[in-house]
Amino acid sequence: MNKVLLAVLAALFCGNAHAATYNLNRTVGAGTVIGLIETDGTIGFLSDTNIVSWEFTLAAPNLKNGPTDMISSATGGELFISADIFSATATNLFFNFDEPSFAGVFFRGGPIGTNFWCLAGGASCSSGPTSSESIGVLSGTPDGFATEAQNVARSGNLAVATVVPLPASLPFLAAGLAVLGMFGLRRRSRAV
């Protein structure tokens, strides 16, 4: 009986990595990017396949269709990650702006002509400085951006999002403590 219970507890607490959700609240010049990024739970460098979903509200002057826009993976948004420049820890998502060659993370609301949020190391997402963070509108030409709403130079390996605590893990903790308590009571009643 004890071996079966231990096996069940081990399966509950030591299973596969669970998705992690990160909260994003960035200021880019006079603009903001607020939202969530959900990963598959990978710790270390991320590729676009490790991002399960994302949703942002962009706010900046000169965005397409007004000063705010919501872009997300659920509404046809697109994500591109180039190189080992975007990484996850148990508590944060990091972007390395000091990458010497072009590498970046690019979230956009859809095809050409939609709003975007971009992090770039060693280059620029737009006509702004290299190693920068940008909010803008993707132009109708493949080689540039028609409108640059906001563009800020950045350096270092910066945390761009923090993990959202998962309250779903609390019931597992309570269940584990209850089982341990039951074993303690059972042993005490046998000893009497």
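Figures for the structure shown
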| item | result |
| --- | --- |
| In region 46-86, the residues that are in contact with a Leu (Cβ under 6 Å, 6 or more places away or on another chain) and under 18 Å from ARG26 (Cα atoms) | GLU55, ASP69, PHE86 |
| Considering residues of region 91-130 that are buried (at least 23 other Cβ atoms within 10 Å of the Cβ) and of a type outside the set (A, V, I, L, M, F, W, C) only, the residue nearest to THR68 (Cα to Cα) | ASN115 |
| Candidates PHE116, PHE97 - the one that is closer than 21 Å to ASN157 by Cβ, in contact with a strand residue (DSSP E or B) (Cβ under 6 Å, 6 or more places away or on another chain) and in contact (Cβ under 8 Å) with a residue 24 or more places away in the chain | PHE97 |
| Residue match in region 82-97 (condition: part of a strand (DSSP E or B), over 18 Å from VAL163 (Cα atoms), modelled with pLDDT under 95 and under 14 Å from the mean Cα position of the chain (by Cα)) | no |
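The values are calculated or read from the model by the stated rules, or taken from the named source; none is laboratory data. Please read these numbers as outputs of a predicted model, since none were measured by experiment. With ideal geometry, Cβ positions are generated from the backbone for all residues, glycine too; neighbour counts draw on all protein chains shown.
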